[in-house]
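Presented below is the structure to which this report refers.
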Amino acid sequence: MQDLRKALTPEEIESIYRFRYRVFAEHLHRDDLDGLDRERQILTDEMDHVSTHFYLGEPAAPLAAVTVSPLHGEHVPPDLFDFLGVARLRQAVAAERIGFINWLLVDPAHAGSTAVPTLLSACYELLLQQGIELMLTFCRPGLVSFYERLGLEQYSHATNLKGLGLRCPIMLVMRDGSRLRACRSPFLRILLRNGGDERADAVRLRIEPVIDLFQASQILANDDLWLESGAGFVERATPRLFDGIDEDSVRQIMKMASVISCRSGEVMTRQGETSDDMFLIVSGVFDARRGGDGRVRRLVEGDLFGEIEHLSGTARTETITATADGHVAALKAERLFQWMQKNPEPGVRLATNLARLLAGRLSE
C-alpha cells in the first residue's frame, strides 16, 4: 500500500470520484445512489466541494480513500442530517465543532490491510487541528466492534441510510484520552502529539446523556435476549448455530456480535448487496424474499440469514424485511473465522453447524 496522500488537485479529486464509482457501481453493483454518473463513471455528493479527501495509492489510481466533511451549512443532505441525529447532538456540541467521516473505501483486493486505520488516523489528526470536538461516521452492523477498538461508540440504533442500507451511527469524542487509552487506540498517540492529555474533557460530560441513553436501551435488550452468566437465551431454545457448543464459547461469540433493534417493515439487507455480515435472529419475525422467483421464506428466532454470503463473499440473494419488532445479532465473517482458528474445538463444531444450516437452506 502506497503512502498516504491528501488530494490537492482537481485531477486527484476526480480520481477519487472514479474510485468510488468502481467500488459501488462495478464491484457492489449499486445503481441507486445519488450522484452516480454512469457517463463520466464518477460518484459524488453535494458535500464534496467543502470536503477534504485523503487517499492511498497513486494519484491516478487510489487503492483506498476517505472524505472529511463539516456538518453545518446548507450542503448537508436532510436524510443524512436526520440519520446522524445532528439536531440532538447540537444540544451538547456546536455544529461547527462536529466533523463527519464519509466514503471510507478500500479496494477489495486490499481488504484486511492497514488502510482503514491509516486513513482514519489522518482524519483524526486533521479534525484535531481544526478544533473539532466530535467526529461522526457510520458503519455496517458487523463492523461496530472493529470501530470500538479504535475508541468510537455507537450512539443510536441501526437504521436504513438512503442508497447504502442498514448502517450504525458511531461517534468519537475527540479529546477523550481516557477512553482512547482504555481501548489502546492508535489515536491516543496523535492526541498527545497535538497537545492533548489523557483525561476526558468537558465534551464527554455533555455528550454522555446521548450515549448513555442508547447504551442503556441496548443493555436492557441484551438482558432480555441472553443471560451474561450463562449465555443461554432467556426462555428460548438454543439457536441451531450453537448446537453442541459450550456456554462459555457461546458467550465469547455473542460478545463479538452487534445487537440491532429492528422495527416492523424495516429492510435489514437487500438482494444484490455485498457484505460479509451474518445475522442471527434473536426475536421477531422476518420475510426473506427472492426477487427472481418471488419466493418468500418466513424466518423466526434462532434462524440465520446472510450465511451464504458470509461464507462465500457473494452478493445477497434475498431481501430480508422485519414483519414484527425484534432483535438480530450481526456477526462479521473475519472476526468469527479468527475466533474459530483460536478455538479449534468449538470452532469445528460451529463450522459443522454452519455447514448443516447451509445445506438445509440450499435444499429448500
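Structure values in brief
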{"read-out": "Sole residue being open to solvent by less than 30 Å² (accessible area, probe 1.4 Å), of a type in the set (Phe, Trp, Tyr) and within 18 Å of the chain's Cα centre (by Cα), chosen from PHE83, PHE54", "value": "PHE83"}
{"read-out": "Options ARG167, ARG175, ARG181; residue that is assigned to a helix (DSSP H, G or I), modelled with pLDDT of 80 or more and either open to solvent by less than 20 Å² (accessible area, probe 1.4 Å) or not hydrophobic (A, V, I, L, M, F, W, C) (or both)", "value": "ARG181"}
{"read-out": "Failed criterion for GLU148 (all others in (1) open to solvent by 10 Å² or more (accessible area, probe 1.4 Å); (2) in contact (Cβ under 8 Å) with a residue 24 or more places away in the chain; (3) within 27 Å of ALA61 (Cβ to Cβ) hold)", "value": "(3)"}
{"read-out": "Those residues of the range 125-143 which are assigned to a helix (DSSP H, G or I) and either surrounded by fewer than 22 Cβ atoms within 10 Å (Cβ to Cβ) or out of contact with any strand residue (DSSP E or B) (no Cβ under 8 Å at 6 or more places or on another chain) (or both), in sequence order", "value": "GLU125, LEU126, LEU128, GLN129"}
{"read-out": "Tabulated pairs, the range 57-80, first over 17 Å from GLY35 (Cβ atoms), second open to solvent by 10 Å² or more (accessible area, probe 1.4 Å) and in a strand (DSSP E or B), C-beta under 6 angstrom, 6+ apart or interchain", "value": "GLY57/LEU63; ALA64/VAL106; VAL68/THR52"}
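The values are calculated or read from the model by the stated rules, or taken from the named source; none is laboratory data. Keep in mind that what you see is a predicted model, and the values were worked out from it rather than measured. Cβ atoms come from the backbone with ideal geometry, glycine included; neighbour counts cover every protein chain shown. Surface accessibility is based on the protein's heavy atoms, side chains included, excluding ligands, DNA and RNA. Shrake-Rupley method; radii C 1.70, N 1.55, O 1.52, S 1.80 Å.
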